[in-house]
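The values are calculated or read from the model by the stated rules, or taken from the named source; none is laboratory data. Everything quoted here is computed from the prediction, not taken from an experiment. Using ideal geometry, Cβ is built from the backbone for each residue, glycine included, and neighbour counts are taken over all protein chains shown. When the accessible area is computed, the model is the full protein with side chains, heavy atoms only, and any ligands, DNA or RNA have been set aside. Shrake-Rupley method; radii C 1.70, N 1.55, O 1.52, S 1.80 Å.
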Amino acid sequence: MTRRGRTLWIAGLLAALVVAGVLSWYASSSPDGLEHAAEQAGFAQSAEDSATAGSPLADYLVDGEENRLSAGAAGVIGVVVTLALAGGLTMVIRRRGSTADVG
């Protein structure tokens, strides 16, 4: 990777972390479009929690704590997990492609 490419990659990573970790503090707490429509139609009370409602990052919060730090941490964890999965998948595809070219 060239120096320019590495700089661009790091800048993109830092921007994603800032958006996830800091700007997420200012996300709206209003219901999303589907929740709003369900409230307007009068059947929102019949909704059930999903199977993942008790997971550590449910509702974009860490362990259900409603504060800015929790929301920011959940965003940063999401960026890191997504980067790890995408990076791992990229490495697998590159290795598979390089071994297929040799044979």
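Give the residue that is farthest from residue 64 (Cα to Cα), with candidates limited to residues of segment 38-53 that are among the small types (Gly, Ala, Ser) and modelled with pLDDT under 85.
By that ranking, first place goes to 44.
Assuming residue 64 fulfils every condition listed in (1) out of contact with any Phe, Trp or Tyr (no Cβ under 9 Å at 6 or more places or on another chain); (2) at negative phi; (3) small (Gly, Ala, Ser) apart from one, which condition is it?
(2)
Taking interchain pairs and intrachain pairs at least six residues apart, which have beta carbon atoms under 9 angstrom, with the first residue in segment 67-81 and hydroxyl-bearing (Ser, Thr, Tyr) and the second at pLDDT below 95?
If the second residue must be at pLDDT below 95, the pairs left are 70/60; 70/61; 70/62; 70/63; 70/64.
Just give me the residues in segment 39-65 being more than 25 Å from the chain's Cα centre (by Cα), assigned to a helix (DSSP H, G or I) and either among the small types (Gly, Ala, Ser) or within 22 Å of residue 79 (Cα to Cα) (or both), in sequence order.
41, 44, 46
I need the full set of residues from segment 20-53 which are over 25 Å from residue 83 (Cβ atoms) and either surrounded by 10 or more Cβ atoms within 10 Å (Cβ to Cβ) or in contact with a helix residue (DSSP H, G or I) (Cβ under 7 Å, 6 or more places away or on another chain) (or both), in order please.
Matches in segment 20-53: 31, 34, 35, 36, 37, 38, 39, 43, 44, 47, 53.
It is to be established whether one or more residues within segment 69-76 are in a loop (DSSP other than H, G, I, E, B) and open to solvent by 80 Å² or more (accessible area, probe 1.4 Å). Steps first, answer last, please.
So in segment 69-76, the residues in a loop (DSSP other than H, G, I, E, B) come out as none.
No.
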